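The values are calculated or read from the model by the stated rules, or taken from the named source; none is laboratory data. What you see is a predicted model, and the numbers here were worked out from it, not measured in a lab. Cβ placement follows ideal geometry from the backbone for every residue including glycine, while neighbour counts extend to all protein chains displayed.
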Amino acid sequence: MGKEYNISKATGRCAACERELAAGEAYLATVIEAGDDLERRDYCTSCRPPGEATGDALAAWRSRVPQPQDKRKVFVDDDVLVSFFERLADAEDPAKVNFRFVLALVLMRKKRLVYDGRRTDETGRDVWRMHFRGDESTCEVTDPNMDEQKIAEVSEQLGQIMETDL
Ligand SMILES: [Zn+2]
């Protein structure tokens with residue numbers, strides 16, 4: 001088994017000023033690389049005003065702290081998943097390759113990505129050829145040959161860091 005990703009979940013605090021985010025408050029959610037790990041970092045609107053570039057974040061989206069009576073899961077726009085997928089394009093790390101593959105499955109289910117076929121590359125890895133609907137250019141996705149249980153685990157991890165149902 002490859003090493004597991006260490007993923008930090010949302011802390012409920014602004015990563016810059018460390019203030020606790022209040023119920024109903026708008027904030028910027030980001031997922032960044034911290035060494036070999038993925039880290040969730042949220043920012044209040046004073047520290048990261050709306051419209052500011054999101055820099056090196058693998059994923060970033062505007063969200064709002066749920067009211068206590070609401071369920072924890074939030075809605076994340078598909079475009080956030082698309083850019084997360086694209087920013088992992090050059091990833092070689094096995095855990096990131098797993099994440100990217102699971103994102104591809106999610107985007108396929110959401111009918112954003114279309115499967116075109118597969119090939120074996122020069123190093124013997126399975127590679128899926130895919131394209132985005134409405135865009136003819138091919139993108140390739142390494143198939144890490146996970147079993148169903150591993151796929152479920154990885155999508156659970158992704159859902160946790162993004163606090164959403166994938
Ligand atoms: Zn702040």
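In table form, for the structure just shown:
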item: Residue satisfying all of: in region 7-51; within 26 Å of V97 (Cα to Cα), of a type in the set (D, E) and out of contact with any Leu (no Cβ under 7 Å at 6 or more places or on another chain); nearest to the ligand (Cβ to nearest atom) among these; result: E39
item: Inter-residue pairs, beta-carbon under 6 Å, first part of a helix (DSSP H, G or I) and in region 145-157, second at pLDDT below 95 and surrounded by 10 or more Cβ atoms within 10 Å (Cβ to Cβ), 6+ apart; result: V154/N98; S155/L166; Q157/I7
item: Single condition T164 does not satisfy, out of (1) over 27 Å from A34 (Cβ atoms); (2) within 17 Å of the chain's Cα centre (by Cα); result: (1)
item: Residue in region 84-105 that is within 23 Å of T30 (Cβ to Cβ) and among the polar types (S, T, N, Q) present; result: yes
item: Hey, D70 part of a loop (DSSP other than H, G, I, E, B), out of contact with any Pro (no Cβ under 9 Å at 6 or more places or on another chain) and not assigned by TED's automatic domain parsing to the domain that holds E153 or not; result: yes
item: Single match in G117, G124, G134 (criterion: surrounded by fewer than 16 Cβ atoms within 10 Å (Cβ to Cβ) and in a strand (DSSP E or B)); result: G117
item: Residues satisfying the stated conditions in region 52-74, i.e. away from the ligand (no atom under 16 Å from the Cβ) and loosely packed, with under 12 Cβ neighbours inside 10 Å; result: A53, D56, Q67, P68, Q69, K71, R72
item: Flag if V114 is away from the ligand (no atom under 16 Å from the Cβ), touching a residue at least 40 places away in the same chain (Cβ under 8 Å), more than 24 Å from A15 (Cβ to Cβ) and β-branched (V, I, T); result: no
item: Counted residues, region 24-43 - those being outside any strand (DSSP E or B) and surrounded by 12 or more Cβ atoms within 10 Å (Cβ to Cβ); result: 1
